[in-house]
Amino acid sequence: MKPIERVWKRFLDRGEDKERKRIKRLPPVFLRLFGDIDYQRQLRDVPPKFREKVVILTTSDTPSELIESLRADRWSVVRSRDVTNEQAKRNA
Amino acid sequence: MRDAKEQNHAYLFSLSSGFQRHVGMFYSMFEGMRQRYPNQDAYYFILPETHAGVSLGSHKELRTENIMDFLCRGFPNETALIMRTSMPFFETTLSQKGNLGTTPEGIPLGGMEFFLTLLDTYELYKDEGRIFAPAMIGITLPMLTRSTPSLVDFYRRSHELPSSVLDSLDFAPALEVTSSADKLARRIGTFQAAMKVLAITEQDIRNLFSRTQFEFGIPEAFGFEDSNTPII
């Protein structure tokens with residue numbers, strides 16, 4: 001087994017309890033879902049075990065219905081005070 | 001930032017869309033690096049789609065003799081950034097596209113919010129006769145990407161990573177509108193324009209990065225005792 005395979009296996013073989021404690025200690029991840037992005041498709045890519053660490057950053061003009069729908073799906077959402085969708089697209 | 005501070009987090013992790021499938025990998029790298037280099041102001045990632053010339057050995061070649069080359073290959077960015085909540089956070093108007101002008105081809109300069117905030121902060125400190133030099137770790141991850149099929153092919157051909165690793169990376173299609181070539185042109189123009197506007201010299205850039213170190217991600221992240229052990 002190559003060294004890289006050994007370290008990768010060590011990563012995959014971590015126990016679940018140890019993993020949960022480890023995840024709890026990690027900093028929150030602020031995911032910038034700005035611009036014309038398919039939120040649902042993007043969020044499907046978040047590994048389930050890190051779901052609770054994710055805080056979704058949206059633009060100041062993200063429709064309230066979308067934010068409510070994300071919150072209904074138990075996502076943490078923070079709305080930007082300044083950045084609009086148009087500004088986000090320009091900065092992409 | 002306000003949210004993270006309110007919840008008493010020492011660090012926050014800022015991530016661009018498209019990389020969320022790799023969040024576990026980023027966290028692992030952070031944990032490994034934090035053991036080796038504790039209490040840093042920022043741990044940021046050097047990625048093929050964000051930086052120029054990223055390879056398995058590129059972290060060893062980062063020198064500040066050629067400032068533009070150094071910046072293109074190692075500038076701190078917010079694509080995947082874990083930073084102390086006490087750090088200045090993206091608070092500069094320079095990053096707004098167009099405030100620093102445009103390239104001859106008409107590409108508006110700007111973006112790079114974290115880097116430009118660091119430059120802005122450096123300039124403020126300089127006015128007070130102090131040097132702003134945050135302790136940072138730039139972590140090179142040549143295998144993480146949102147797109148770039150040629151890069152995926154490169155790793156498949158080179159056999160540097162086992163197939164199980166490649167499969168787990170599960171490369172996603174590109175989401176960004178701006179091409180990599182345009183981005184590189186924009187970055188070089190932005191570095192030059194920002195340095196001019198803020199009267200930042202090449203020596204200032206060296207000072208700013210005097211406490212920044214560069215590492216290759218994988219061995220440290222998995223507790224490899226000897227980081228010099230060849231992984232190939």
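The values are calculated or read from the model by the stated rules, or taken from the named source; none is laboratory data. Fair warning: this is a prediction, and the values are worked out from it, not measured in the lab. Reconstructed Cβ throughout: ideal geometry from the backbone, glycine too, with neighbour counts over all protein chains shown. Just so you know, the surface numbers come from the protein's heavy atoms only, side chains and all, with ligands and any DNA or RNA stripped out. Shrake-Rupley method; radii C 1.70, N 1.55, O 1.52, S 1.80 Å.
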Listed by chain and number, the residues whose amide H is under 5 Å from that of B:I46, excluding neighbours fewer than 5 places away on the same chain and using placed H, are B:I139, B:T140, B:L141
For the range B:121-127, Karplus couplings with θ = phi - 60° (6.51, -1.76, 1.60), whole Hz, Gly/Pro x: 5, 4, 5, 4, 4, 4, 4
Amide H contacts under 5 Å for B:T102, restricted to residues at least 5 apart in sequence or on another chain and with H modeled in the peptide plane, are B:L109
May I ask you to evaluate 6.51 cos²θ - 1.76 cosθ + 1.60, the Karplus curve with θ = phi - 60°, for each residue of the range B:71-80 and list the ³J(HN,Hα) values in order in whole Hz, giving x for glycine and proline? 5, 4, 9, x, 5, x, 9, 9, 4, 9
Non-local amide H neighbours of B:Y11 (under 5 Å, H modeled in plane, Pro and chain starts lacking H): which ones? B:T85
At a 1.4 Å probe radius, which order do B:F89, B:F191 fall into by accessible area, largest first? B:F89, B:F191
Once phi is turned into ³J(HN,Hα) by the Karplus curve 6.51 cos²θ - 1.76 cosθ + 1.60 with θ = phi - 60°, what whole-Hz value does each residue of the range B:25-33 show in order, with x for glycine and proline? 5, 4, 4, 4, 4, 4, 4, x, 5
Taking the alpha-carbon centroid of each part, what is the distance from the range B:117-145 to the range B:11-37 in angstrom? 18 Å
In nm, to one decimal, how far is the B:K60 label point from the A:K18 one, both placed 7 Å along Cα→Cβ? 3.1 nm
